[in-house]
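For reference, the structure discussed in these notes is given below.
The values are calculated or read from the model by the stated rules, or taken from the named source; none is laboratory data. Fair warning: this is a prediction, and the values are worked out from it, not measured in the lab. Reconstructed Cβ throughout: ideal geometry from the backbone, glycine too, with neighbour counts over all protein chains shown.
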Amino acid sequence: MTRITARLLLNKRACAEQVRIFRREWPRGVTPSLAACERAAALGLDLEWFAVHFLSAQASAAYYAALAQARAAYRAAVAPALAAYYAATAKALWSAMQAD
C-alpha cells in the first residue's frame, strides 16, 4: 500500500475530525506498518472506516476473519455489564414512575 496522506483521506471523504487527528500525528503522511496501525488505534482513528475504504475484497475478507474472534470475546466480556445496565435502567424507570 502506498503512503497514506491527509489528502488521500479527504479524497475518500474521511470526516474532518479524523483527518485533523491524522494530520497532527503524521503531517507528511505515513507509510502503513503495524506500528502505524497500532498508533492510529491508540489515537482513536476509525480503523473500520479505513478498512472499508482502502482494503481490497481479499484483504477485507482476511481483516474481518481476523476480527471475528476478538469481536466474540468482546461481546462475551461486555454482556454481563450490558445486562446490569439494562436491569438498572428498568429499576430507575420504575422508580421514577412511582415518584410521578
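With the structure loaded, tell me whether Ala76 is over 29 Å from Leu10 (Cβ atoms) and assigned to a helix (DSSP H, G or I) or whether it fails that test.
When the stated conditions are applied, Ala76 passes them.
So which residues in segment 2-22 are hydroxyl-bearing (Ser, Thr, Tyr) and either surrounded by 11 or more Cβ atoms within 10 Å (Cβ to Cβ) or modelled with pLDDT of 95 or more (or both)?
Thr5, the sole residue that qualifies.
Of all residues in segment 42-58, count the ones that are within 16 Å of Ala14 (Cβ to Cβ), assigned to a helix (DSSP H, G or I) and free of Cβ contacts under 8 Å to residues at least 24 places away in the same chain.
5
Filter segment 44-91 for residues that are touching a Ser or Thr at 6+ places or on another chain (Cβ under 9 Å) and more than 19 Å from Leu34 (Cα to Cα) and give the result.
Result: no residue meets the conditions.
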